[in-house]
Amino acid sequence: MRSKIALLGQPNSGKSTFFNSLTHIHRKTGNWTGKAVDAAEAEVQCGADLFTFVDLPGAYDLSFRGDGGKILCNCLGDEQLHGAVIFIDGSQLGKSFYFLFDFIGINIPTIIAITMADRASARGLKIDFRKLKDIFGVPVVPIVTTRRGMGKKMIPHLRCLLKERPMLCRDIIFPSYEKILGNDLGTCGNLSVESIPCDPLWMKIKCLERNSLAQSPLPSDSETVGSMAEMSYSREACTAAAVRIASCRYEKINGILKAATHSRNPPLRHLSLFDSLATHPIYGLFIAFAILLIGFSGSICAAEWGQCAMRHLFQVLEKSPLGHISPFLSLFLREAIFPGLSIGSYLVVFVGGLTLTLEIMENVGYMARIAYLFDGIMDRVGLQGKCVLPFLSGFGCTVAAVSSSRIIDSPRQRLLTIATSWVIPCSGTWGMVTLISALFFGRHAIWIFAFLFLLATIHIAITARIFGGKNCRRSQLEGMLMELPPYHHPDWRQIGCDLKFRIAELLKSSIPIILFTVSVLWLFTHSAAAMLIHIDEHVRGFEKIIGIRWELFVVLLLSIGNRESALGGLAIFFCGDSNFVSGCVPHLESTLRAALTMPQALAFLVAFFLNVPCCAAIAATANEVQSVRWTVRLCVHYVILSLVAAAITFHITSLFL
């Protein structure tokens, strides 16, 4: 039997985590809103039943606004949809129940899944699940989405859903609607909508809330049409009705909480004190930068230790029979494979440490506070507060940042967010930046990071001004509506799973790309030495202007294809024994210091940091904005700005270093 099940709920309620557990698809999750920006489908075979699960974007209510609202509306109106699972955050029942009450009146078989019940219990909140089942009239299932095999345990409940087809009890709230709204409901006439199977009273409520779904259908008789038109265009009347509807829902929610929950422990005061500091506009920034500084420093130290371990391993391998197979293979291993693996290990360890830091910040609920803090900063450069969320996704991958821009409601602001998200450094960029900074500046590398982030902020402001134009006026910007999830102890199993997936992804993609690039460039440099010497002689004038050697310029070009391949180019140009490239120096550190000056290294870092992202991000941008011309214009803008910034940095630092 084939069945289609929708997974609904507010943001950060555990939908995507449950979806991953059941389907074994690693859909990105996190303890802040905006992670899932589109619908994902996957089929799961359970005996004779074939379930198709649809993971929908989170929504605070059924207002159907934005792209996420359109996706939700289309899914609920799908004739092949057999049921829905509504996810409720057990640690925040009052907030999550609002979405559930908005769903009452939709004629779709439903199950309520109470997630994070373990966190609610740890805080002393006891939930009476049987009482909730009696109140809502549908099965209420407590689940811990992070536990292994939890998805499979929901299959029996889903089979009961398909068999019994339970609907949310309309008597919970509908009589109260009729009592408080009175004549307002009569002005709506007999509205109906074909897209979603719903109760007529639910559609009238949506009409009074000025929901876009209920604005198009109008009754046929002329008298009702007149009154309905008057009601639709009376903003004051609709606002008053919407306030009464919301007050009625919250009154019912509070009654249910008193009847079905019991709290044994008082709230934690020390967390409230920390949260007041973490969200402070000044102290909060110091706390955020301190945490990030610790994460970056620890990741750099771990990467350097890992590289030292790889060096000792390579020395052992050179002395083994593997290092004396043949002169050609021995030279190839020493000048290409070993340097490539060394830089690849540095990238994997550093990105693993940075990922661990960000995962812990997300898991405990702190990442949302950072987005809240930077809302004001983004507003000063002409961006919406919500653009912080795609920026945070960009630290892992620029493609994710481009995709996450769909949470921005305004189309023009979405374009501006995409244009500025390119400057956010991805994991591949961080690998190069930390490597060069640590080699040339040592313990002062943190100031290089601060300098690059200052340039990134200036870059964002310039890009927003050029590509935003009139859209950058602060009076036209929308504020950021975002929940701050409660703090909780880190789920080390979930953190470990995400870290394992990220490292495995790096090992599968980055290391092969680095080794391939190293091998190709090594063969090219050893077969075209005369041509490279000729190139070196003719580009010295360009080097004096920009401050970037031709080898590093090739590395920049390689980074457009793939960020990791740039590391491979760096390894082959500055790790080999080829005299025409960098001189015969045994290790990368001494080779780079002998070949480059500090101003040249810093100029290269600026150009690499501000350059266009990889081809995958460029293709994702063209697909998202549906304009190749706009994407090409953005690429040209980034290339020019990065080279200009590199040249200015080189000439200024040459006066002091």
Note on the range 214-239: residues more than 35 Å from the chain's Cα centre (by Cα), at pLDDT 50 or above and either surrounded by 13 or more Cβ atoms within 10 Å (Cβ to Cβ) or among the hydroxyl-bearing types (S, T, Y) (or both) are S234, A237, C238
In the range 1-15, residues that are in a strand (DSSP E or B) and buried (at least 23 other Cβ atoms within 10 Å of the Cβ) total 4
Checking F136, F129 in turn, the sole residue that is modelled with pLDDT of 85 or more and open to solvent by less than 30 Å² (accessible area, probe 1.4 Å) turns out to be F136
Here the residues within the range 277-300 that are open to solvent by 60 Å² or more (accessible area, probe 1.4 Å) and assigned to a helix (DSSP H, G or I) are L277, Y283, F286, F289, L293, I294
When A36 is run through (1) open to solvent by 20 Å² or more (accessible area, probe 1.4 Å); (2) modelled with pLDDT of 75 or more, the failure sits at (2)
>> Within the range 388-411, does at least one residue satisfy the condition of being free of Cβ contacts under 8 Å to residues at least 24 places away in the same chain and surrounded by fewer than 22 Cβ atoms within 10 Å (Cβ to Cβ)?
In response: yes
By residue number, the members of the range 308-323 that are buried (at least 16 other Cβ atoms within 10 Å of the Cβ) and either modelled with pLDDT of 75 or more or of a type in the set (V, I, T) (or both) are M310, F314
Note on N183: of the conditions (1) open to solvent by less than 70 Å² (accessible area, probe 1.4 Å); (2) at pLDDT below 80, unmet is (1)
Selection over the range 103-117 where residues are assigned to a strand (DSSP E or B) and either free of Cβ contacts under 8 Å to residues at least 40 places away in the same chain or among the polar types (S, T, N, Q) (or both) yields a count of 4
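For every residue, the table says whether it meets (1) among the acidic types (D, E); (2) modelled with pLDDT under 80; (3) closer than 30 Å to S91 by Cα.
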position	(1), (2), (3)
L499	no, no, yes
K508	no, no, no
I514	no, yes, no
F524	no, yes, no
L532	no, yes, no
H538	no, yes, no
E543	yes, yes, no
L556	no, no, no
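The values are calculated or read from the model by the stated rules, or taken from the named source; none is laboratory data. Keep in mind that this is a model prediction, so the values were computed, not measured. Neighbour counts run over all protein chains shown; Cβ positions are idealised from the backbone, glycine included. What goes into the accessible areas is simple: the full protein's heavy atoms, side chains included, and nothing from ligands, DNA or RNA. Shrake-Rupley method; radii C 1.70, N 1.55, O 1.52, S 1.80 Å.
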